[in-house]
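The values are calculated or read from the model by the stated rules, or taken from the named source; none is laboratory data. Everything numeric here is computed off the predicted structure, so don't read it as measured data. Here the Cβ positions follow ideal geometry from the backbone for every residue, glycine too, while neighbour counts run over all protein chains shown.
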Amino acid sequence: MNRFKNGFLILGVIALSAALTSCSLDGGSPKAESTNNANNEESKMAGEGREYISVSANAGMEPTIGKPEGDAPTTLISRDIIVGTGEVALVSSTLTAHYQLISWSTGEVLQSSWKSQSFDFTLAGVIPGWQQGIPGMKVGGRRLLVIPPELAYGATGSGPIGPNETLAFVVDLIGVQ
């Protein structure tokens, strides 16, 4: 009888261990999903689970952003901080958003629509990093985009953005038309 109880105890411990190792520490929140398998593979190769920059998750409020950590990624990172519940941004959509732009090299906020007004745009009119990183985002969401120079302003830079600068954007999607 003791052997029988010990066997069940061991099986119970193994089952509990398996269940706990498959749990997430984020309460099971949904992860950002890309509609393109190639982008999913690139995200995994770029260290999707790595924390590049800390970003606050207070919906509707200006984000608090930490200083970038480590070497800049060489591929686009697109990660939901808050998963929205509204309409989905499509490549053809006209969007309204708030954003903050951070220089990877200095951690300095270079631009912020939160200081003035939201930004209306079409994806065809913005940098490739936004064109690739915004589709699939839902209204009410907040997304971190870490964009390497070749998907941003490249070797020339633009305004306060220096040449070959990796950029980090925190984008809050407000509307989709």
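Things to note:
- For region 91-124, the set of residues classified as in contact (Cβ under 8 Å) with a residue 60 or more places away in the chain, over 15 Å from LEU144 (Cβ atoms) and in contact with a Pro (Cβ under 6 Å, 6 or more places away or on another chain) is empty.
- Any pair with Cβ under 9 angstrom, 6 or more apart, that starts in region 125-136 at a residue that is more than 17 Å from ILE81 (Cβ to Cβ) and ends at one that is part of a helix (DSSP H, G or I) and at pLDDT 95 or above: ILE127/LEU151; PRO128/GLU150; PRO128/LEU151; GLN131/LEU151; GLN132/LEU151
- Among (1) of a type outside the set (Ser, Thr, Tyr); (2) touching a strand residue (DSSP E or B) at 6+ places or on another chain (Cβ under 9 Å); (3) not in a strand (DSSP E or B), the one test that ARG79 misses: (3)
- Of the residues in region 127-139, not one is modelled with pLDDT under 95 and either under 26 Å from GLU51 (Cβ atoms) or touching a Ser or Thr at 6+ places or on another chain (Cβ under 7 Å) (or both).
- Only a single item in (1) closer than 18 Å to ILE53 by Cβ; (2) outside any loop (DSSP other than H, G, I, E, B) is not met by PRO63, and it is number (2).
- Scanning region 148-177 for residues that are touching a strand residue (DSSP E or B) at 6+ places or on another chain (Cβ under 8 Å) and among the β-branched types (Val, Ile, Thr) yields ILE161, THR166, VAL170, VAL171, ILE174, VAL176.
- Residues that are in a strand (DSSP E or B) and closer than 18 Å to THR122 by Cβ, drawn from region 156-177: PHE169, VAL171, ASP172, LEU173, ILE174, GLY175, VAL176
- Listing of strands (runs of 3 or more DSSP E) fully contained in region 88-155 that carry 2 or more residues being in contact with a Leu (Cβ under 9 Å, 6 or more places away or on another chain) and among the polar types (S, T, N, Q): 94-103, 109-112
- Within region 76-95, the set of residues being surrounded by 16 or more Cβ atoms within 10 Å (Cβ to Cβ) and over 13 Å from the mean Cα position of the chain (by Cα) comprises GLU87, ALA89, SER93, LEU95.
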